[in-house]
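Worksheet: one structure, shown below.
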Amino acid sequence: MTEAPLCVTFRMTLDDYRAGVRRLSWALWPVRLIVLVTIAAAIAGLTGAVLSNPILAIVGSVVFVIYALLLASILYIRPGQAFRQRADLKGDQTYCFSESDVSTTFVSGDSRVKWSYFVGLLETKDLYLLCHPMRQLGSIIPKRAFADPAAETEFRRFAQRIGKGAQPTA
């Protein structure tokens, strides 16, 4: 006899979505490189100002502003636009977790995948993110969706199956 699945239903908020996108983005090396360049440019701009080197100060400041705007776009502006435009993000979402698979129900449809499809589980203070094989994609599940700590514990037990089982061949 199979155990009943653990199901959670929630409505994602803009803050949930932005936090999930930020956490998934941080796992990507291009975003980390942009952060590094932004910090280096800020240091160069400040160093140029302190050393009275106007060229270094101007170049560092301009590069800093450009990369800071790029980060703002990637981490805040574009996720906000996507959230406002996509009904499936704002509507009710149901995830059901079992020993063998994860099923989802959105405004736009349903899906079911084996745990082996996912490549990782990321966690923040408020979210779980089931990482898809395409590294920039993930399923965002707010912790508030779980009825109690026991439900979260059951989810974590199921999630230990991530990446286990038959793997696709290259």
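By the helix-only formula, in which each DSSP H run with n ≥ 4 contributes -39500 (n - 2.57) and the sum is divided by residues, the chain has a 222 nm mean residue ellipticity of -14500 deg cm²/dmol. Above 22 Å, the calculated P(r) of the chain contains 54 percent of its Cα-Cα pairs.
Of the trypsin sites (Lys or Arg not before Pro) in the range 77-133, the ones in a loop by DSSP (not H, G, I, E or B) with at most 13 other beta carbons within 10 Å are 125. The residues 92, 148, when put in order of fewest to most other Cβ atoms within 10 Å, stand as 148, 92. Among complete DSSP H helices in the chain, those whose alpha-carbon atoms stretch at least 20 Å along the helix's long axis and whose mean Kyte-Doolittle hydropathy reaches 1.6 are 29-50, 54-72. When each of 35, 21, 107 is scored by the number of other beta-carbon atoms lying within 10 Å, the sequence from fewest to most is 107, 35, 21.
Within straight-line reach of residue 114, meaning a Cα separation under 21 Å, sit the following lysines at least 8 residues removed in sequence or on another chain: 164. When 96, 131 are arranged by Cβ crowding within 10 Å, least crowded first, meaning fewest neighbours, the order is 96, 131. The stretch between residue 47 and residue 160, if pulled fully straight at 0.36 nm per residue, gains 35.9 nm over its current Cα-Cα span. Placing pseudo-labels 7 Å out from each Cα toward the beta carbon at residue 40 and residue 132 gives an inter-label distance of 3.2 nm.
For residue 143, the lysines whose Cα falls under 19 Å of its own Cα, not counting residues fewer than eight places away in the same chain, are 90, 125. Restricting to Cα pairs below 8 Å that are 6+ residues apart, what does the relative contact order work out to for the range 18-85? Please round to a whole percent. After rounding, I find 35 percent. Using the alpha carbons alone, the radius of gyration of the range 18-85 stands to its Kirkwood radius in an Rg to Rh ratio of 1.13.
Taking the chain, the Cys residues with no second Cys beta-carbon under 4.7 angstrom are 131. Relative contact order for the range 1-117: 31 percent, from Cα pairs under 8 Å spaced at least 6 residues apart, divided by residue count.
Bear in mind that the values in this text are calculations on the coordinates, not laboratory data. Quick caveat: nothing in here was measured; it's all calculated off a predicted structure. For neighbour counting, all protein chains shown are included, and Cβ atoms are generated from backbone atoms with ideal geometry for every residue, glycine included.
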